[in-house]
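Laboratory data are not the source of any read-out in this text; all were calculated from the coordinates shown. Note that the coordinates shown come from a computational prediction; the quantities given were computed from them, not determined experimentally. A quick note on method: Cβ atoms are made from the backbone with ideal geometry, for glycine too, and the neighbour counts reach across all protein chains shown.
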Amino acid sequence: MNKVDLNAVKGLIEESIDFKQIEVGLNRQKLVGKRQSPDYAPLLLGGSRPFLKDSKTNREYKLGEHVIAGGVRVPEIENYSHHGLAEQIASPKVMLYEALWELLGWARTCSDTQLSVRPNLAWAIPTCFGMKYEISDEGSVWFPDTISIDSALDVDIDEVEKLGEMPRVFDHLYFLHENAPEGVRISCPIAVGPLSQVDTIIGQDIWTLFYDQPDKIYALLLKITAVITKLLKLQKKIVCEPIDCMWTGPLFMSNGGVKIGNDSVVMLSPDMFREYIVPNIAELCRTFSGGYHHCCGYFPEHLKVVNEMPGITTLNMGEPEKWDLPQVVNEIYQNGKLYYGGWARYPGESIDVYLRRGVELCGPERNRAILFAMGESFADKGNDSWPEPAETMNLWHEIQDEMFPR
């Protein structure tokens, strides 16, 4: 399992990385995050296929909010052995090795994409409450059993970093940080917010407990928020990431340092979301100077609540094809926030028309969104319909100059 040629993929990245291009993209993303106008709105290109099954022809991507397209292929990947998620969890060397193959394609792609390894460990917090996980062949982690809310409240979290899988998570982070190629950052694997954590820990009982035992639910949400806060501070220290910003995949977020996955919120009414969940999200945002909010699905009434929150600075819609993005991005921008994510490419749509729709989303200020290219399907397998990345970026800039001249 550990006989992977980590140095081979590291060497390929070191040969491919363009530090000047990384800096240009970083500066553009910083300016947009601060609501300033860059020379050009950033566009992130790449390819998404890091977690591999045994079959080289059947690659599955499991971190959906960063599924990017439009980048170059990495033919060398076919010449090396690959390992599933179970082996990556068992060995930080294997996890870094597999993640770097994706970043090699990003490094070879001329765009504003940043190079950040996202260790697939964000599922680990429930193990601090004694929960056991299982792993599928396809690379998913799930918890077959739940615990009672009383058991969850009884867990002593004073030294949460020593509980469950957390020692393994910290070992991975130390290894990844110390062994990543120059110019490659490590994302902190804290990406699931308080509500979704509680949903995992106590299961479907959560939705009746909001009515039957609301005080206990509120107490457990506070406890989970404290756990997230402590663990994220410790993780940031290991990977040398400031408390008020973060790297996550191809994105550098300059306007906040915490990522809040909130997929379970669609099970609550907007009023209950405001009463029970918003205070915990607000606390995280205060601690980390702003937060990134992610939710899959279609949740227009909840989005209004998120848009009211001063602490949320960046919003990501996990399924952008479900939304009227021009309207949504404008609403997000008018509320002083930033849209980060993709915009789906229609079947048969030319690259020129597709990019024009993206430029429109970014607005005349060129700072309403940080966009990544998406394919006709959610994970554009093959990228055959894309031009060379440099051509895409040149066209992206030309269209901005045409549509919003300065």
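A few points about this structure:
- Between 68, 228, 22, the residue with the greatest mean-square fluctuation in the GNM of the chain (Cα pairs under 10 Å linked by springs) is 22.
- Two-decimal Rg to Rh for region 125-275 - Kirkwood Rh, Cα set: 0.98
- Kirkwood-Stokes translational diffusion coefficient of region 300-378, alpha-carbon pairs, 4 °C, 1.567 mPa s, µm²/s: 100 µm²/s
- Straight-distance crosslink candidates among aspartates and glutamates, where the alpha carbon sits under 12 Å from residue 236 and sequence neighbours closer than 8 are dropped: 244
- The DSSP beta bridges internal to region 6-403 are antiparallel in roughly 25% of cases.
- Taking the empirical scaling 2.2 N^0.38 Å for compact globular proteins as reference, region 274-406 has a Cα radius of gyration ratio of 1.15.
- Of the residues 147, 312, 89, the one that moves most in a GNM of the chain with alpha-carbon contacts below 10 Å is 147.
- The convex hull defined by the C-alpha atoms of region 6-403 has an orientation-averaged projected area of 17.6 nm².
- Amide H partners (placed H, <5 Å) of residue 258, local residues excluded: 292
- Set 34/230; 230/322; 34/93; 259/304; 259/322 screened for pairs whose C-alpha atoms are more than 28 Å apart: 230/322; 34/93
- Relative contact order (%) - region 6-403, alpha-carbon pairs under 8 angstrom, separation at least six: 20 percent
- Reach of residue 162 by Cα under 14 Å, taken over aspartates and glutamates that are not fewer than 8 positions away in the same chain: 171
- The GNM of the chain, with springs linking C-alpha atoms under 10 angstrom apart, assigns the highest mean-square fluctuation among 112, 171, 324 to 324.
- Cross-link table 30/237; 132/223; 10/132; 30/337, entries beyond 25 Å C-alpha to C-alpha: 10/132
- The residues 166, 95, when put in order of fewest to most other Cβ atoms within 10 Å, stand as 166, 95.
- When each of 177, 294, 397 is scored by the number of other beta-carbon atoms lying within 10 Å, the sequence from fewest to most is 397, 177, 294.
- Expected 222 nm ellipticity per residue - DSSP helices of 4 or more, -39500 (n - 2.57), all of the chain, to 500: -12500 deg cm²/dmol
- In plain terms, the residue of 292, 174, 340, 40 with the fewest other Cβ atoms within 10 Å comes first and the most crowded comes last, giving 174, 40, 292, 340.
- Charge-dipole axis of region 6-403 as Lys and Arg at +1 and Asp and Glu at -1 on Cβ define it, positive-most pick from 82, 119, 314: 314
- Each Lys and Arg adds +1 at its Cβ and each Asp and Glu adds -1 at its Cβ; summed about the Cα centre, region 6-403 shows a dipole of about 720 debye.
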